[in-house]
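The values are calculated or read from the model by the stated rules, or taken from the named source; none is laboratory data. Every value quoted in this text rests on a predicted model; they were computed, and no experiment measured them. FYI the Cβ positions are ideal-geometry reconstructions off the backbone, even for glycines, and counts take in every protein chain you see.
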Amino acid sequence: MASFFVVGDATVDQMYFVDELPAAGGEVMARSALMRPGGAGGTVAYALGCLGNKTRIATRVGAGPFSELALSNLDSGLVDLSMLQRDPDRQTSSVTLLVTPDTQRTMISALGATRYLDAALLRQEDVAWADAVVMSAYSLIGGLQREYAVKVLEYARQAGVKTFMDMGSGALGALHDRLLRLIRDVDYMLMNEHELYSLTGEGSISAAVAWLREAGVDNVIVKVGEMGSIVITPEFTELVDAYDVDAVVDSTGAGDYYTAAFAHGVMQGYDLLHAARLGNVAGGLNTTEIGGQGYRLDPKTVDRLAEEMEAAHQ
């Protein structure tokens, strides 16, 4: 298996399942409320660990019970926490999610300690240890964490370490003017359809693909929900069908599981289309449980289901 260095947030997700969103100044009653470990970095690292990879996460948490919950899955032996930083003065980052019956999520993020990830504690050999870096673009928004993330990308480039970056709508809005400069050297860029259109300013897949190629962004993976994902390279653009599940319970973390399984597939030597099938399977399976890290992936199951999808496509 491969060795991964993950940069991103490990958070607590405060989830409220509601029938509708409240009006301004109003109030609604939640049908249920849960607290679960989450965050793009934490969820990607957990999924990579479940798939059998050597996984190390660079993140920062505060003190108290929120940090224990944020790390509860990571601290189970699946993820190396030697690069974890603890902040005695700030709270662990958290996200409040209002989830409606159609599984749409409205989110409020409290950034907390994660934005203070200290680059002075990062060494070049920490990154060179890995076969690949997987980074959430949220890490590039600002503060000390941005300095850390930029340093990781530079060390990865110097060491010839593969890089995967997952976008995120909030990161796109914050980084738009600087984004192309930051991602041109990234080996694989992952985003959803809304982010693709926002980045390129185009209104169709074909126009957006042309824009990306003109901009010099080579390998882009676009997650298109129930349709699956689109693999875009200089040689081809191809839709990979979604993995169908009987019923979506919660879509939180599905995109992060996709990113993890796709990166896992690439580093196992699979072609990009099969890596995308692995991503579709992992993301689909995660929607069958509540919480970003609610589903524990089994590598044999993910491989088998992706192979069945490939056989059905032939």
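Between TYR46, TYR116, which is within 19 Å of the chain's Cα centre (by Cα) and among the aromatic types (Phe, Trp, Tyr)?
After ruling out the rest, the residue left standing is TYR46.
Please verify whether TYR188 is crowded, with 20+ Cβ neighbours inside 10 Å and over 28 Å from PRO101 (Cβ atoms), treating the condition exactly as stated.
Yes; evaluated as a whole, the condition is true for this residue.
From ASP13, ASP19, which residue is in contact with a Lys or Arg (Cβ under 8 Å, 6 or more places away or on another chain) and under 22 Å from GLY255 (Cα atoms)?
None of the other options fit; the residue is ASP13.
Failed condition for ALA113, given (1) among the small types (Gly, Ala, Ser); (2) in a loop (DSSP other than H, G, I, E, B); (3) free of Cβ contacts under 8 Å to residues at least 60 places away in the same chain, with all others met?
Checking ALA113 against (1) among the small types (Gly, Ala, Ser); (2) in a loop (DSSP other than H, G, I, E, B); (3) free of Cβ contacts under 8 Å to residues at least 60 places away in the same chain, the one that fails is (2).
Could you list, in sequence order, all residues of the range 52-68 that are more than 19 Å from the chain's Cα centre (by Cα) and either in contact (Cβ under 8 Å) with a residue 40 or more places away in the chain or surrounded by 17 or more Cβ atoms within 10 Å (Cβ to Cβ) (or both)?
Once the filter is applied, which keeps residues that are more than 19 Å from the chain's Cα centre (by Cα) and either in contact (Cβ under 8 Å) with a residue 40 or more places away in the chain or surrounded by 17 or more Cβ atoms within 10 Å (Cβ to Cβ) (or both), the range 52-68 yields GLY62, PHE66, SER67.
Within the range 38-51, can one find any residue that is touching a residue at least 12 places away in the same chain (Cβ under 8 Å) and surrounded by fewer than 24 Cβ atoms within 10 Å (Cβ to Cβ)?
The answer is no, given that none of the residues of the range 38-51 is touching a residue at least 12 places away in the same chain (Cβ under 8 Å) and surrounded by fewer than 24 Cβ atoms within 10 Å (Cβ to Cβ).
Restricting attention to the range 29-59, and to residues there that are of a type in the set (A, V, I, L, M, F, W, C) and assigned to a strand (DSSP E or B), which single residue is nearest to ASP298 (Cα to Cα)?
ILE57
Within the range 218-229, which residues are surrounded by fewer than 20 Cβ atoms within 10 Å (Cβ to Cβ) and β-branched (Val, Ile, Thr)?
Within the range 218-229, just VAL224 meets the criteria.
Do we have SER169 as at pLDDT below 95 and surrounded by fewer than 18 Cβ atoms within 10 Å (Cβ to Cβ) here?
yes
Given the criterion among the small types (Gly, Ala, Ser) and in contact with a Pro (Cβ under 9 Å, 6 or more places away or on another chain), identify the matching residue among GLY52, GLY26, GLY77.
Only one candidate qualifies: GLY52.
Of all residues in the range 69-110, count the ones that are of a type in the set (Asp, Glu), modelled with pLDDT under 95, in a loop (DSSP other than H, G, I, E, B) and closer than 15 Å to ALA10 by Cα.
The total comes to 0.
Condition check ((1) surrounded by 14 or more Cβ atoms within 10 Å (Cβ to Cβ); (2) more than 15 Å from the chain's Cα centre (by Cα); (3) among the β-branched types (Val, Ile, Thr)) across all residues:
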| residue | (1), (2), (3) |
| --- | --- |
| ARG157 | yes, yes, no |
| LYS162 | yes, yes, no |
| ILE183 | yes, yes, yes |
| VAL209 | yes, yes, yes |
| LEU212 | yes, yes, no |
| THR237 | yes, yes, yes |
| VAL240 | yes, yes, yes |
| ASP244 | no, yes, no |
| HIS264 | yes, no, no |
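Evaluate the following for ALA260: is it within 11 Å of ALA47 (Cβ to Cβ) and part of a helix (DSSP H, G or I)?
Considered against the rule, which asks whether it is within 11 Å of ALA47 (Cβ to Cβ) and part of a helix (DSSP H, G or I), ALA260 comes out as yes.
Is it fair to say TYR197 is out of contact with any Pro (no Cβ under 8 Å at 6 or more places or on another chain), surrounded by 16 or more Cβ atoms within 10 Å (Cβ to Cβ), more than 22 Å from GLU235 (Cβ to Cβ) and without any contact (Cβ under 8 Å) to a residue 24 or more places away in the chain?
When the stated conditions are applied, TYR197 passes them.
Name the single residue, out of those in the range 285-314 being touching a residue at least 40 places away in the same chain (Cβ under 8 Å), in contact with a strand residue (DSSP E or B) (Cβ under 9 Å, 6 or more places away or on another chain) and not in a loop (DSSP other than H, G, I, E, B), that is surrounded by the most Cβ atoms within 10 Å (Cβ to Cβ).
Checking each candidate, the answer is MET309.
Here is a check on your reading of the model: is GLY160 free of Cβ contacts under 8 Å to residues at least 12 places away in the same chain and farther than 15 Å from ILE183 by Cα?
yes
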